[in-house]
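One structure is given here, and the rest of the page talks about it.
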Amino acid sequence: MDAVMETVGLRKSYKGNVAADDVNIHIPKGSVYGFVGPNGAGKSTVMKMILNLIRPDAGEVHLFGEKVTDRSYEIFKRVGSIIENPAFYDRLTARQNLELHCEYMGFPNKERIDEVLQMVDLQNVEGKQIRHYSLGMKQRLAIARAILARPEFLILDEPINALDPEGICKMRNLFRRLNREEGTTIFISSHILSEVDLIADTIGIIQHGKLLTELPIEEIHKRQTAYISLQVDDAARAAALLEQMGIASFSVLDKEFIRIYDPDISGKVLSKALLENGVGLESLWRKQDTLEDYFFQLMEEK
Amino acid sequence: MAHLIRLELKKNGFARNMIFTAAAILFSMLFITVSLWDSMTDPEQAKDTFESTYLAIGLLMSFLFPVYSSVLTARLVIGEYDQRTITIMFSYPLNRTKLIAGKLIIIMVYTAISMTIGYICCCGYIVFTDRHFDMLEGTFRISMLQTWIPTAITATAVCTVLSLWPFIIGMIRKSVPAAIVTSWIVIVLRQVMITKNETNQESLPQILLATTVTFGMTFLIFKKKVPELY
């Protein structure tokens with residue numbers, strides 16, 4: 001698949017502190033790429049380098065197959081972005097801000113403003129000056145601005161910050177729709193791993209400026225293990241009983257906890273067997289590793 | 001570039017700058033009136049002359065409008081960095097040098113036009129008040145314009161060029177107060193310099209030196225500081 005954006009050996013440091021180190025990202029056309037990492041991992045720095053807002057110390061950024069240089073301007077007609085906190089001209093209204101954006105982007109279709117305001121539920125407050133907007137409203141307006149000129153590639157740095165749960169759900173659906181119906185390639189960073197898990201089809205994990213891994217989400221899901229977790233009063237006796245029952249794939253975590261890596265076993269059968277053999281059962285639950293588990297596992301390994 | 005300037009004007013609503021220009025000119029006229037009235041009614045004072053009043057006008061023009069132009073610099077340029085709106089501006093498919101240059105052109109043209117209008121209004125006003133109320137010593141002669149016009153043109157040109165200094169220092173520090181304080185310092189230094197000259201205006205070598213240094217520094221700022229977001 002063609003890459004909409006690629007970075008090759010991207011590196012940036014600030015006064016000796018490495019913010020990005022040999023970062024190689026590949027974003028296929030039509031994909032949603034989730035970019036995750038702890039605070040200060042270098043996500044925003046990488047995104048700014050892609051947008052040519054800061055100059056890398058080394059490495060290259062390729063957008064739509066073209067190398068980004070100091071003189072690359074035209075290419076950004078095809079890119080929409082949100083970087084850092086949403087910034088607007090506070091004394092102008094939402095509509096005026098979006099009209100200016102259209103003019104600067106060289107996008108002539110002003111009717112699209114109504115469309116995007118509706119998409120982010122701001123159609124009723126478009127005449128209000130931005131200084132009277134809440135942070136959540138500003139965030140939604142920033143999303144409207146980013147998608148206004150129908151970009152082929154959308155760079156979203158923490159786009160759901162400050163949104164309420166309903167807003168998060170609506171924006172998630174909006175991004176999905178843009179990706180599926182308009183073929184927009186999306187590069188999204190977020191601290192909320194469950195959100196990234198819901199929307200992304202490729203995941204890049206960054207820590208201390210280094211890209212630790214870049215994988216399709218299916219690959220991560222395949223690696224995620226489903227298991228039954230048991231909390232009992234005597235793990236040794238419970239383990240002996242599990243062996244008697246012919247269950248081989250389990251591990252005793254400590255004196256109380258046992259994990260059975262066969263999620264098909266009936267919970268009812270298990271609890272009955274334990275109780276009949278005098279093993280006190282405190283709790284029993286089924287669990288599947290999430291992206292969050294994978295993320296923390298990877299962080300520990302590195 | 002014309003398109004960028006038009007957008008900049010649209011974005012910043014230039015009506016309030018026109019209001020400031022009008023207010024500054026009215027303030028200057030009021031100041032002159034008070035001064036003339038005082039010298040006219042106080043028997044211990046000699047009446048103000050056209051020359052001294054013209055000097056006062058020059059002082060007012062070279063103070064009010066350059067200070068206001070630094071406020072414009074702070075709002076149009078430094079404010080974009082301060083408020084982070086520059087990240088949006090720089091993500092547009094536009095030449096960044098042109099984006100900032102457009103703003104500076106607005107500031108410089110504003111300074112030049114408002115100073116010119118100020119000179120015309122205030123000089124016209126003293127001629128008018130003298131003709132109708134005999135407030136000044138002597139009478140106005142057309143030959144006076146031979147001094148007034150070149151002096152006004154020089155002062156306007158020099159102040160327009162010097163209006164770049166708030167941008168230079170403001171960008172080095174990325175600070176709005178630094179931009180405004182710089183305009184005060186530049187005005188004071190200019191006054192100190194020109195009062196040493198007999199003509200009460202800059203000599204040609206001084207103009208050339210100030211212009212070269214100012215444009216050289218502006219070029220450096222464009223190279224080094226404009227692309228930096230922080």
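The values are calculated or read from the model by the stated rules, or taken from the named source; none is laboratory data. Given the structure is predicted, the values throughout are model-derived calculations rather than measurements. Here Cβ is always computed from backbone atoms with ideal geometry, including for glycine, and neighbour counts include all displayed protein chains.
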Any chance segment A:227-245 includes a residue that's touching a helix residue (DSSP H, G or I) at 6+ places or on another chain (Cβ under 7 Å) and under 21 Å from A:Leu156 (Cβ atoms)?
no
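From the list A:Leu178, A:Leu148, exactly one residue is farther than 23 Å from A:Gly37 by Cα and within 14 Å of chain B (Cβ to nearest Cβ). Which is it? Lay out the reasoning, then the answer.
Details: A:Leu178 fails: within 14 Å of chain B (Cβ to nearest Cβ).
Going through A:Leu178, A:Leu148 in turn, the sole match is A:Leu148.
A:Lys29: more than 24 Å from B:Pro227 (Cβ to Cβ), under 22 Å from the mean Cα position of the chain (by Cα) and either surrounded by fewer than 16 Cβ atoms within 10 Å (Cβ to Cβ) or at pLDDT 90 or above (or both), yes or no?
On the way: more than 24 Å from B:Pro227 (Cβ to Cβ): yes; under 22 Å from the mean Cα position of the chain (by Cα): yes; either surrounded by fewer than 16 Cβ atoms within 10 Å (Cβ to Cβ) or at pLDDT 90 or above (or both): yes.
Yes.
Would you pick out the residues in segment A:218-270 that are in contact (Cβ under 8 Å) with a residue 40 or more places away in the chain and in a loop (DSSP other than H, G, I, E, B)? Let's see the steps before the verdict.
First, the residues of segment A:218-270 that are in contact (Cβ under 8 Å) with a residue 40 or more places away in the chain: A:220, A:223-234, A:237-238, A:270.
Within segment A:218-270, A:Gln224, A:Thr225, A:Asp233, A:Asp234 meet the criteria.
Only one residue in A:Phe88, A:Phe35 is closer than 24 Å to B:Asn12 by Cβ and not acidic (Asp, Glu). Which one?
That would be A:Phe88, the only listed residue that is closer than 24 Å to B:Asn12 by Cβ and not acidic (Asp, Glu).
Restricting attention to segment A:121-131, does a residue exist that is in a helix (DSSP H, G or I) and over 20 Å from the mean Cα position of the chain (by Cα)?
Of the residues in segment A:121-131, the ones in a helix (DSSP H, G or I) are A:130-131.
Right, trim to over 20 Å from the mean Cα position of the chain (by Cα) and you get A:130-131.
Checked against the condition, which is being in a helix (DSSP H, G or I) and over 20 Å from the mean Cα position of the chain (by Cα), segment A:121-131 yields at least one hit.
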Report yes if some residue within segment A:91-113 is surrounded by 15 or more Cβ atoms within 10 Å (Cβ to Cβ), more than 14 Å from chain B (Cβ to nearest Cβ) and either under 26 Å from the mean Cα position of the chain (by Cα) or without any contact (Cβ under 8 Å) to a residue 40 or more places away in the chain (or both); otherwise report no.
yes
Would you say B:Leu26 is under 24 Å from the mean Cα position of the chain (by Cα) and without any contact (Cβ under 8 Å) to a residue 12 or more places away in the chain?
yes
Would it be correct to say that B:Ile126 is more than 22 Å from B:Gly170 (Cβ to Cβ) and out of contact with any helix residue (DSSP H, G or I) (no Cβ under 8 Å at 6 or more places or on another chain)?
no
Could you grab me the full set of residues in segment A:51-64 that are modelled with pLDDT under 90 and either surrounded by fewer than 16 Cβ atoms within 10 Å (Cβ to Cβ) or outside the structural domain of A:Lys29 (by TED's automatic domain parsing) (or both)?
A:Arg55
Which count do you get for residues in segment B:52-110 that are in contact with a strand residue (DSSP E or B) (Cβ under 6 Å, 6 or more places away or on another chain) and aromatic (Phe, Trp, Tyr)?
0
Criterion (within 14 Å of another protein chain (Cβ to nearest Cβ) and either assigned to a helix (DSSP H, G or I) or at pLDDT below 90 (or both)) met by exactly one of B:Ile78, B:Ile88, B:Ile107
B:Ile88
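B:Gly102 - would you say it is touching a Leu at 6+ places or on another chain (Cβ under 6 Å) and not aliphatic (A, V, I, L, M)?
The answer is yes for B:Gly102.
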Could you tell me which numbered condition A:Phe187 fails, if it satisfies all but one of (1) over 25 Å from A:Arg78 (Cα atoms); (2) at pLDDT 85 or above; (3) buried (at least 19 other Cβ atoms within 10 Å of the Cβ)?
(1)
Considering segment B:190-230 alone, what residues qualify as being surrounded by 13 or more Cβ atoms within 10 Å (Cβ to Cβ) and more than 27 Å from B:Lys98 (Cβ to Cβ)?
B:Arg190, B:Gln191, B:Met193, B:Ile194, B:Asn200, B:Gln201, B:Glu202, B:Ser203, B:Gln206, B:Ile207
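I'd like the full set of residues that are of a type in the set (S, T, N, Q) and modelled with pLDDT of 90 or more, limited to segment A:108-128.
Residues of segment A:108-128 of a type in the set (S, T, N, Q): A:109, A:118, A:123-124.
Passing the criteria: only A:Gln118.
Please work out if B:Ile194 is in contact with an Asp or Glu (Cβ under 8 Å, 6 or more places away or on another chain), part of a helix (DSSP H, G or I) and more than 14 Å from chain A (Cβ to nearest Cβ).
Numbers: in contact with an Asp or Glu (Cβ under 8 Å, 6 or more places away or on another chain): yes; part of a helix (DSSP H, G or I): yes; more than 14 Å from chain A (Cβ to nearest Cβ): yes.
Yes: the conditions hold for B:Ile194.
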Tell me yes or no: at least one residue of segment A:165-177 is surrounded by fewer than 19 Cβ atoms within 10 Å (Cβ to Cβ), at negative phi and not in a helix (DSSP H, G or I).
no
Top-ranked residue of segment B:9-19 - restricted to ones that are surrounded by 17 or more Cβ atoms within 10 Å (Cβ to Cβ) and within 10 Å of another protein chain (Cβ to nearest Cβ), ranked as nearest to B:Arg75 (Cα to Cα):
B:Asn12
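Per-residue answers, yes or no, for (1) touching a Pro at 6+ places or on another chain (Cβ under 6 Å); (2) within 18 Å of B:Pro93 (Cβ to Cβ); (3) away from every other protein chain (no Cβ under 12 Å):
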residue	(1), (2), (3)
A:Lys43	no, no, yes
A:Met47	no, yes, no
A:Gly65	no, yes, yes
A:Thr69	no, yes, yes
A:Val79	yes, yes, no
Among the candidates B:Thr154, B:Thr129, B:Thr116, single out the residue that is more than 13 Å from the chain's Cα centre (by Cα) and surrounded by fewer than 22 Cβ atoms within 10 Å (Cβ to Cβ).
B:Thr129
